[in-house]
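What follows is a single structure, and I will ask about it in a moment.
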Amino acid sequence: MPHTQRQQAGSRGRCSSHLLPLLLLALVAQPSPAAIHIPSNFKRPPVITTQPESVTVFSVEDFGMNCEATGNPSPTFRWTKDGHHFDPSSDPELKVSESTGSFAFFTLSNTADTLKPYQGKYVCYASNELGTAVSNQAVLTTDVLPTLQKEKKVIVKSDKGSSLVLKCNPPQSSLEPIIHWMDWRLHHIHLSPRVVVGKDGNLYFAHLTTNDSRDDYICNVQYLSTRTILAKEPITLTVTSANAVVRNKRPQMMKPTGSHSTYHALRGQTVELECIVQGLPTPDVMWLRKDGVLSESRTTRDMFDRRLRFSNISESDAGEYQCSANNTQGKVTHTYTVIVEAAPYWTKEPVSQLYAPGETVRLDCQADGIPFPTINWTVDGLPISASDEDSRHTLTPGGSLILNDVTFNDTAIYQCQASNKHGTIITNTNVYVIELPPQILTEDRNTYTFTEGQKALLECETFGSPRPKVLWESGSSSNLLADPRVNQLTNGGLEISNITQDDEGFYTCSVQNTNLSVIAELEVLNRTVILSPPQALKIQAGKEAIFTCLALVDPKLGFPFIQWRMNNQKLFESHIDEKYTFDGPDLIISNVEPSDEGVYTCQVITKMDMAEASGTLTLCDRPDPPVMLKITDPRHRAITLNWTPGDDHNSPVTEYVIQFEDQEMKEKGWVELRTVGGNQEREDLSLWPYMSFRFRVIAINDVGKSDPSKPSDIFTTPPEAPDNNPEDVRSVSTDPGFLNITWEEMDQHTFNGPDFKYKVKWRRVVGNGPEWHTNFTTAPPLVFSNVGNFSAFEIKVQAMNERGVGPEPDPVIGYSGEDVPLEAPMDVGVRVINSTTIKVVWAPIDRDTVRGHLLGYKIHLTWTGSRGHHRGRRAKESVSTIVVETEANEEKKVIHDLRPYSHYDLAVAVFNSKGEGPGSEMLSFQTHEGVPSAPTSLVLDSPSETEMTLHWTPPDEPNGILIGYVLRYQQLVKTDDSPMQVVAINDLSVTHLNLTNLDRHSRYRFSLRGRTETGEGAPIMKEGATILDGAPPSNISMTVGESFVNFSWVAKKRHRNINFQIHYLNKNDGSEWKKVDRVDTSQSFYQLQGLTPGSHYRLRFTYGNTTFWNTDIETEETVVQMQQSFATQGWFIGVVSAIVLLLLILLILCFVKRSKGGKYSVKDKEDGPMDSEARPMKDETFGEYRSLESDLEEKHTASLPSLCEESKLCSQDNLDFNGGSAITTEINIDESLASQISRPSEGGLDTLPDKSPLNPNAVSPAANGTPNSVTFLD
């Protein structure tokens, strides 16, 4: 975490001159500058910042070596070549460029042949008085640009089915070529598992077909570093078809040959194993590791599995691999032994340090490689043995250098070199021997902010010699280092892994045996958590997919940024095709296509952490129909239906629907027979006799149904007697004396044979009864007459066909038609329970008189009027009757909700399904007195600020004799505990009441109830407050016009309306005050009219004898507009101009027609080709140009006699711009190759043709009118 350093107090005050060099040494590696001031004359050891680089020189422009270093004093440079001193400044063929901290040399020669003596290995040395730094070794080699020698045209003939290799033979060069096999149109040759390109550039055919015949197989050799493409001579291939039948061939190795090959590789390189095979049909290639598991993450397959690529190969990839090629004729294998070695690489580098005199310095230098590297030490570029034979210097077998009892003279730059046969690496280490007091460089009270789960690093950077020992303490923990998550770093910092909220607080860093310390504050924020991650979606093509990503972010982290990725590639919102839309936490993908399938990742990124979650998008669709329907295992009334599932299109089949079609009743179509699980591929089906079946199956998944499968073969079952009889046999007789027998018709599938019908048997229920009556019918119902009213019968219905009858049915009881009941109930009685409830009782009816099924009793209640009067007001309601039904077994009934204090008549009757019988004798009764309904209205009126008058009207339904009213009212307060006031009103003539001494600032709730002897009735409720005395308006607004003023104000709530007056005085004419009629405050608006324009008025508003508002106004001046002359009106001038223009056009047309004889051919103009300049260009099509000659020819062929016969505009000279010859160029270049070829300017394609008359300067004369040149080196 960046922070600011400041100088501390005490011993961290001034730095001595001896301290400064070491201070910078400790800060050289810091990414941010220290705040302690460092003088400009400070001495620093040299550090190489720009290493010389190895280079292959093709021309004099490529030759050069550069080395840069920092240091104070500025370092001086020297060079060695192949281990010997090399002075570029003494060579007359070289130019030296030397400046502060930089040294470079270049060649002065103009020919590449003079550069060969400079090939070698160069090392740069940067030195000042504090030591010498040594650079890496740079190798300079020379080479020539690859060129093609003249070649003969190659013609190859071969038979169909045989294998073939077309050789490329790229020029020998140190550069790695890229091979493109193309035709003469620069289109890539189509590659496939049958036709592949080898690493050697050759084109391999596993077997030939007649379509391979062509005369333009061109090998294009591309060198990226030199931006060169070399096109070889075209190869002609003729494939002949032999008369004999082409035989299949077993696989054979084409590249590499044999059964075993060995590959050597260096760690970190990219290695490709190649397996090119021949055979017919084209073999399939598989790779495996013979001595282990082939890592899919570390390898990739290319060129249709013919190559196995290792990117950044490591020692673990060494081993044996096998390529296996298979086709129908056999198999061939090839084994590869991969040997991985490694150039030296560091496993532990020595660290630059400060040391005090007398200390022991240990510089640990460890490297690895294959073969294992050797370690050598130098000091300031000189071997240790040659520079110092002091016994205090010790080299350990492990490669470490130990300096015992160091002195100031041991200050130097030490180089550790690791070498094996693959190379040498070097590292520079500064050893500074000095005595310094300890100091803490880190600023005090830094705040470090991290999120939960992160690794926190609290800085405490010190320097001194000997190195200060740092101690960390925390208020929450006495021993920080006892926590396994806490680690103190060698640079003094404190590292806490997987931090939590408990780690938040203050930490103290101190230097042992001193009073130096700093405090660091650790702030731990909540980590970002994704609450609702993207879900796995299965979407149909063309539909819309929506991924949602909801996250919880610590507020201190600010608003997060949501980055969406598809297959780890960033997605950007589409503004053109609206493919991707970002809507808050949602990613909306429109018109989903197969290319949209993949893993979508939501990354919630804050300034300190990131959380991510992924969901998959799978394209799904309704399934394909099942195939290969087969009927197997036929048996009695059963078969087994088998099928093969179709493609489920990424949505598993949930169920199959089996349908059948009866061949004798095709008009009914396909009928669903059964639904089975989606994991089944067969089902046992039970069938009906006497049917011809065809079956089909439909698959169903979450998306929808498949199309039906193709129908199965026809399967026919033999006839049999019916298995069942019809269900729901019953009598539905409604008319007296008739018996109507019906049943539920059987499905035709259950007829089981021909000549199907129903056998109906019936008889009266009298003991065992008389003999059965039998009838036959093909469909219900059967109706029999003269059987008596409501008589019981036994009924049987049996199914039968020509093969027999169904099982013997059980009889059911049915009745003939009903009639209305004959008698009324007896012993009817009424008991009044209260003012609205009664209880009715009666004796049960004789069932024989019902003449049908007894359904219950009907109680008829008729309201005939109220029992009394209410102060002369009689209830004026018409007679009304209600009917209450009971169950058949009831003999009493309690009836509620009657009208109190009323007269009723009551009668009871019996009813069955045919109707209602006669009613019982009418019985009269009276209901008791009840409580009244609420008063009809309640109106509040306030005559003063402390008075309220209540007006009401009596209840519509007194329900007895009204004897008075009860008023309750209560002041409304927040605590709802104000006392309730009660006023009893016994005088029925009183319909209003005046309440006094009310609080003018409060609202009240009023409740008024009527009262009878029974009690109080329902209340009518109102809330209100008294009306306050009126007051004149305030906040008056006004708008001034020429002769009027508009006033507006807001009327005050709860205040009475008052009248006020408006007085106005014209100060310009000296008149007296005038006043208007009284204005009501409820108006909220008033317009004062009749004022003089452009005058100054004084206004005064009065109420009573008091002025409550006054102001001054200025009325607006009158604007006088001059009447314009008729002739100067714009419309008149326009009309006259249009008429003159039309006359002039008519005269011109007449003149042209007379002079040309009317020969202008409009049809020729319309039918002629469009001018080339009006044609749209093929935008963004590389290398396609229109011929200017064709444009000119089209222009001449157009029929334009009236415009071009005598005009010089149509001459050939004017059409040949810039004197350039027109060139027709057609180039179609594959994108991978066209990137190396210069493109024409796209500006001309977007605007005008390059040689358009409207753009004559689009092509410079130097270009001679041709597009940018395309260079092919041949």
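Sorted by average packing, counted as other Cβ atoms within 10 angstrom per residue and highest first, what order do 793-800, 651-658, 665-672 take?
Ranked from most to least packed, the peptides come out as 793-800, 651-658, 665-672.
What is the ratio of the Cα radius of gyration of the stretch 627-716 to 2.2 N^0.38 Å, with N the residue count, to two decimals?
1.07
Also, quick follow-up: Which of the aspartates and glutamates could a cross-linker bridge to Lys630, judged by Cα under 20 Å and excluding same-chain residues fewer than eight apart?
Asp647, Glu655, Glu661, Asp662, Glu672, Glu681, Glu683, Asp684, Asp707, Asp713
Lys/Arg Cβ at +1, Asp/Glu Cβ at -1, dipole of the stretch 278-363 taken about the Cα centre: which of Cys323, Val285, Ala342 is farthest positive-ward?
Final value for the positive-end residue is Val285.
Mind giving me the nanometre distance, one decimal, between the label points for Ser225 and Ser391, set 7 Å out from Cα along Cα→Cβ?
Placing both labels 7 Å along Cα→Cβ, they lie 5.3 nm apart.
Once you have the Cα-Cα distance between Lys710 and Arg445, take 0.36 nm times their residue separation minus that, and quote the gain in nm to one decimal. Could the numbers behind the result be given before it?
Values: separation 265, 0.36 × 265 = 95.40 nm, distance 8.18 nm.
Stretched out fully, the Lys710 to Arg445 stretch lengthens by 87.2 nm.
If you don't mind, there's one more thing I want to ask. If you take the C-alpha gyration tensor of the stretch 349-433, multiply each eigenvalue by 5 and take the square root, what semi-axes do you get, largest first, in whole Å?
Computed over the stretch 349-433, the values are 23, 12, 11 Å.
Counting pairs of Cα atoms in the stretch 103-224, how many percent are more than 25 Å apart? Write down the numbers at each step before the final one.
On the way: 3673 of 7381 pairs.
Here the long-distance tail beyond 25 Å is 50 percent of all Cα pairs in the stretch 103-224.
So, in nm, how far is label Ser686 from label Asp827 when the simple model puts each one 7 Å beyond its Cα toward the Cβ?
Spacing of the two 7 Å Cα→Cβ label points: 5.7 nm.
Taking the Cα centre as origin and putting +1 on Lys and Arg beta-carbons and -1 on Asp and Glu beta-carbons, what dipole magnitude results for the stretch 1037-1114, to the nearest 20 debye? Mind showing how you got there, number by number?
Values: 10 positive and 7 negative charges, 111 e Å.
About 540 debye.
Can I ask one more? Would you kindly work out the equivalent ellipsoid of the stretch 938-992 from its C-alpha gyration tensor and give its semi-axes, the square roots of five times the eigenvalues, largest first in whole Å?
On the way: eigenvalues 123, 49, 20 Å².
Semi-axes from the Cα gyration tensor: 25, 16, 10 Å.
With r as the distance between the Cβ atoms of Ile519 and Lys455 and R0 = 30 Å, compute the FRET efficiency 1/(1 + (r/R0)^6) and round to 0.05.
0.90
Using per-residue counts of other Cβ atoms within 10 Å, averaged over each peptide, order 615-625, 231-241 from highest down.
For the peptides 615-625, 231-241, the packing ranking is 615-625, 231-241.
Relative to 2.2 N^0.38 Å, what does the C-alpha radius of gyration of the stretch 436-525 come to as a ratio? Two decimals please. Numbers along the way, then the final one.
On the way: Rg = 12.7 Å, N = 90, 2.2 N^0.38 = 12.2 Å.
Working it through for the stretch 436-525, the quotient is 1.05.
Hey, another quick one. Can you give the direction-averaged projected area of the convex hull of the alpha-carbon atoms in the stretch 426-483, in nm²?
7.2 nm²
With each label point set 7 Å from Cα along the Cα-Cβ vector, what nm distance links Asn591 and Ser937?
Inter-label distance under the simple model: 6.9 nm.
Rank Asn986, Ser933, His1001 by how far each Cα sits towards the positive end of the charge dipole of the stretch 903-1007 (+1 on Lys, Arg Cβ; -1 on Asp, Glu Cβ) and give me just the farthest.
Farthest along the dipole direction, towards plus: His1001.
Beta carbons within 10 angstrom, averaged per residue: use that to sort the peptides 857-867, 1011-1021, highest first. Write out the running numbers ahead of the final one.
Working: 857-867: 18.4, 1011-1021: 16.5.
Top of the packing list down: 857-867, 1011-1021.
Here is a follow-up. Could you tell me which residue out of Gly915, His853, Ser866 lies farthest along the dipole of the stretch 825-932 toward its positive end? Charges go on the beta carbon: Lys and Arg +1, Asp and Glu -1, centred on the Cα centre.
Checking the options against the dipole of the stretch 825-932, the answer is Ser866.
Another question about this same structure. Among the listed pairs Lys160/Lys331; Lys81/Lys199; Lys95/Lys116; Lys974/Lys1022; Lys348/Lys469; Lys556/Lys579, which have their C-alpha atoms separated by more than 26 angstrom in this model?
Pairs exceeding the cut-off: Lys81/Lys199; Lys556/Lys579.
So if R0 is 45 Å, what FRET efficiency would Leu550 and Asp624 give, r being the distance between their Cβ atoms, rounded to the nearest 0.05? Walk me through the intermediate numbers first.
Working: r = 37 Å, r/R0 = 0.83.
Step by step, r from the Cβ atoms, then E = 0.75.
While we're on this one: Label 7 Å along Cα→Cβ of Thr1118; the stretch 1058-1102 residues with amide nitrogen under 17 Å?
Taking a point 7 Å out along Cα→Cβ of Thr1118, the residues of the stretch 1058-1102 whose backbone N falls under 17 Å are 1068-1069, 1089-1096.
Values in this text are rule-based calculations from the coordinates and carry no lab data. In this text the structure is predicted, and so the values were computed from the model without any measurement. A quick note on method: Cβ atoms are made from the backbone with ideal geometry, for glycine too, and the neighbour counts reach across all protein chains shown.
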